[in-house]
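Quick notes on the structure that follows.
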Amino acid sequence: MYIHGYGERESERLLAQAASVVRLLHGDTRFPPGSRVLEVGCGTGAQTVSLARNSPGAQIVAFDHATASLARAIERVATAGLLNVEFLHADLYALPFEAESFDHVFICFVLEHLSHPIAALRLVKQLLRPGGSVTVFEGDHGSAYFHPDSEIAHRAIACQVELQRRAGGNACIGRQLYPLLVQAGYEAPCVTPRVVYVDAATPDLIDSFTRKTFTWMVEAVREEALAARIIDAATFDAGIRDLYRAAESDGVFCYTFFKGVAVKPTHLLREGSNGRDV
Ligand SMILES: C[S@@+](CC[C@H](N)C(=O)[O-])C[C@H]1O[C@@H](n2cnc3c(N)ncnc32)[C@H](O)[C@@H]1O
């Protein structure tokens, strides 16, 4: 289950998110000419465009199991005039690729939705050639703080975290990237925090990040949170108002993403064929 849904607003939110973090994420993400790169869970292609544009000599293979999102991704990449992307409608747990057929794997905002992120990392490791790399980008909702601070805004955020947990995911997975990569059997993991800091001096980020990326995401779980009785309507709505308050001219918002890069060992490893523990 994908907690954010697949509606129009979510599509616009993913675009706003990609735009606001494009330098943070893609600024140092380049793949060499001639390399084959697998993008896991490309969604509406918000990251695919940056990947393909920044590594024009690489061949990107992007897949998602959501048909409507994939259609948007195909359209977006075509509109951008990028020719180095192939799309595939596929599920991560039933991929049609041969072992060791990719040089690099790119995963952005997907592990947070999976019940078995280590198994997923192991699965894609089988598709990597020895010495190939995985690049993972994830957020961490525990890292959100803002001014004016608001206890009820934190309670609204906690609804999103709890619902994602009930759906099998982990909205605070960013801080775990290092141990996840190690447990999945990768070598030399390098994890760096990528802080988004927003105040009146960054008006673009007020709109694209504080409002559209973060507050819209929390706001979107309103009905589900009320139905699950984890909060009442008045408290939730007041929490959302306080998040929008942090987007006013004297407000401040801060959030940390984490980027992890690690390498598939060149020596042989014994592992189950489904990527899970042996
Ligand atoms: C938050 S979206 C991120 C999309 C894109 N990576 C981005 O950053 O804009 C998570 C995506 O992972 C996809 N996804 C989740 N589980 C999947 C699976 N088992 N197989 C393929 N795609 C999956 C969802 O359909 C969704 O499009």
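Throughout, read-outs are computed from the coordinates displayed, never taken from laboratory work. Fair warning: this is a prediction, and the values are worked out from it, not measured in the lab. Reconstructed Cβ throughout: ideal geometry from the backbone, glycine too, with neighbour counts over all protein chains shown.
What is the diffusion coefficient of the chain in µm²/s, taking the Kirkwood radius over Cα pairs and the Stokes-Einstein relation at 20 °C with a viscosity of 1.002 mPa s?
Values: Rh = 19.3 Å.
It comes out at roughly 111 µm²/s.
What is the sum of charges, Lys and Arg at +1 and Asp and Glu at -1, for the other residues whose Cβ falls under 12 Å from the Cβ of Thr48? Don't skip to the answer; put the middle values down first.
Working: positive: Arg53, Arg72, Arg76; negative: Glu39, Asp64, Glu75, Glu86.
Local net charge: -1.
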Q) Once the dipole of the chain is set up with Lys and Arg at +1 and Asp and Glu at -1 on Cβ about the Cα centre, which of Gly57, Ala80, Gly169 lies farthest towards its positive end? A) Gly57
**Q.** Within straight-line cross-link reach of Lys125, lysines at Cα separation under 27 Å, skipping those fewer than 8 residues along the same chain
**A.** Lys259, Lys264
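So if each residue of separation counts as 0.36 nm, and I subtract the Cα-Cα distance between Ala233 and Val182, what length gain in nm does that give? Kindly include the intermediate steps, with their values, before the conclusion.
Working: separation 51, 0.36 × 51 = 18.36 nm, distance 4.16 nm.
Using 0.36 nm per residue and subtracting the Cα-Cα distance, I get 14.2 nm.
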**Q.** the stretch 43-98 and the stretch 110-156: distance between their alpha carbon centers, rounded to Å
**A.** 20
(Q) What's the ranking of 172-180, 227-235, 136-144, 44-52 by average number of surrounding C-beta atoms within 10 Å, highest first? (A) 44-52, 136-144, 172-180, 227-235
Q) Which of the aspartates and glutamates could be linked to Lys212 by a straight reach, that is with a Cα gap under 17 Å, when you skip same-chain ones fewer than 8 residues away? A) Glu8, Glu10, Glu12, Asp140, Asp199, Asp204, Asp237, Asp242, Glu248
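Suppose every K and R has +1 on its Cβ and every D and E has -1 on its Cβ; what is the size of the dipole of the chain about the Cα centre, in Debye to the nearest 20?
Numbers: 26 positive and 32 negative charges, 122 e Å.
For the chain, the charge dipole is close to 580 debye.
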Q) Karplus couplings for the stretch 166-183 from phi (6.51 cos²θ - 1.76 cosθ + 1.60, θ = phi - 60°), rounded to Hz, Gly and Pro as x? A) 5, 7, x, x, 8, 6, 10, 6, x, 5, 9, 4, 4, x, 5, 5, 5, 5
Q: Provide the packing ranking of 104-113, 161-170, i.e. peptides ordered by the mean count of other C-beta atoms within 10 Å per residue, highest first.
A: 104-113, 161-170
Q: Provide the per-residue ³J(HN,Hα) series for the stretch 48-61, in order, calculated from phi with Karplus coefficients 6.51, -1.76, 1.60 and θ = phi - 60°, each as a whole number of Hz, with x at glycine and proline positions.
A: 4, 4, 5, 4, 5, 5, 7, 10, x, x, 8, 9, 9, 10
Q. Going by the alpha-carbon gyration tensor, a ≥ b ≥ c the square roots of its eigenvalues, is the stretch 22-112 rounded (a/c under 1.5) or, if a/c is not under 1.5, prolate (a/b greater than b/c) versus oblate?
A. rounded
Q) Does the stretch 82-132 come out rounded, prolate or oblate by the C-alpha gyration tensor, with a ≥ b ≥ c the root eigenvalues, rounded set by a/c under 1.5 and, if not, prolate when a/b is larger than b/c and oblate if not? A) oblate
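Assuming a viscosity of 0.692 mPa s and a temperature of 37 °C, what translational diffusion coefficient in µm² per second does Stokes-Einstein assign to the stretch 171-235, Rh being the Kirkwood radius over Cα pairs? The partial results should precede the final answer.
On the way: Rh = 15.1 Å.
Translational D for this selection: 217 µm²/s.
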Q. Counting only residues 5 or more places away or on other chains, whose amide H sits under 5 Å from the amide H of Val61 once H atoms are built in the peptide plane?
A. Val37, Leu38, Glu39, Glu86
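Any idea what the relative contact order of the chain is, in percent, if you count C-alpha pairs under 8 Å spaced at least 6 apart?
22
Rounded to the nearest 5, what % of DSSP beta bridges with both residues in the chain are antiparallel? Walk me through the numbers on the way to the answer.
On the way: 19 of 39 bridges.
So the antiparallel bridges amount to about 50 percent of the total.
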Q) Using θ = phi - 60° and the Karplus curve 6.51 cos²θ - 1.76 cosθ + 1.60, what whole-Hz ³J(HN,Hα) does each residue of the stretch 14-19 get, with Gly and Pro shown as x? A) 4, 5, 4, 4, 4, 5
Q: Quick one: go through the stretch 208-226 and flag any residue whose amide nitrogen is under 14 Å from the point 7 Å out along the Cα-to-Cβ line of Glu162.
A: 221-226
